[in-house]
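Below is one structure; the comments refer to it alone.
The values are calculated or read from the model by the stated rules, or taken from the named source; none is laboratory data. If you're wondering where the values come from, they're calculated on a predicted model, not measured in any experiment. Cβ placement follows ideal geometry from the backbone for every residue including glycine, while neighbour counts extend to all protein chains displayed. Please note that ligands, DNA and RNA were not included when accessible areas were found on the heavy atoms of the full protein model with its side chains. Shrake-Rupley method; radii C 1.70, N 1.55, O 1.52, S 1.80 Å.
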Amino acid sequence: VGLTASRSLLNSILPPREWTEEGQLWIQYVSSTPATRLDVINLQEELDRRLQQRQARETGICPVREELYSQTFDELIRQVTINCAERGLLLLRVRDEIRMTMAAYQTLYESSVAFGMRKALQSEQGKSDMEARIVQLEAEKKEQERVIQDLKAKCEAIEKREGERRQLDEKKHAEEVAFLKRTNQQLKQQLESVLAPAAAAPAKK
C-alpha cells in the first residue's frame, strides 16, 4: 500500500509523459526506485555534461540552463518524495513558488522591454517629426528670404524711379525759372528801350 501511495504521489507531482511513435501511444512513468549516493553524484555529473553539451550560458537569462536545472530539481524532488512524502510536497511548493516568481519577473522584464521599445519608437517618431518640421521651417525661411529680396529690389527700383523723376522735375523747374528770368529780362529791356526815347525828347513850349 505504501509503495502504491508513493507511486500515486509521484505521478501527481511529476505526471507521466505521453507521446506517439509509429502510431503507438507510449507512456513513461516516473521511477519510484530510491536513489543512492552514487545516483546523486551521477545526476550532478550529468547536469554538468548537459550544460556543457548544450552550451548553456553561465550567467544572465538562459532558457537552456533554466530547463536543465528545472529537470534536475524535479529529479531531486522525486528522490526526496520516495523517502519522505511530506518533504517532497514541501519541495514541490518551493518549486512552484520559484516558477511563479520567475514567471512574474519574466512578465515584468518583457513589459519593461516593450515599454522601452515603445519609448524608443516614440522618440524616433518624435525625432522624425522634428526633422520634418526643421525642413519645413528652413523652406519657409528660404521663401521669406526670397520675398524680402524681391521687396528690396522693388524698393530700390521705386527709389531709383523717384530719384530720376525728382531730377527731371528739378531740371524742368530750373529750366522754367531760367525761361521766366530770360523773359522778364527781355521784357525789361524792351520796356527800357521804349521809355528811353521818350525821356530823351525835349519838352515843347
request  = Report whether or not Glu138 is open to solvent by 80 Å² or more (accessible area, probe 1.4 Å), of a type in the set (Asp, Glu) and closer than 30 Å to Pro63 by Cβ.
outcome  = no
query = Do we find a residue being without any contact (Cβ under 8 Å) to a residue 60 or more places away in the chain, under 20 Å from Met102 (Cβ atoms) and either loosely packed, with under 10 Cβ neighbours inside 10 Å or among the polar types (S, T, N, Q) (or both) anywhere in region 44-54?
reply = no
Residue match in region 61-82 (condition: over 22 Å from Ser8 (Cα atoms), under 49 Å from the mean Cα position of the chain (by Cα) and not in a helix (DSSP H, G or I)) = yes
key: Residues being surrounded by 11 or more Cβ atoms within 10 Å (Cβ to Cβ) and either part of a strand (DSSP E or B) or without any contact (Cβ under 8 Å) to a residue 24 or more places away in the chain (or both) - total across region 27-43   = 2
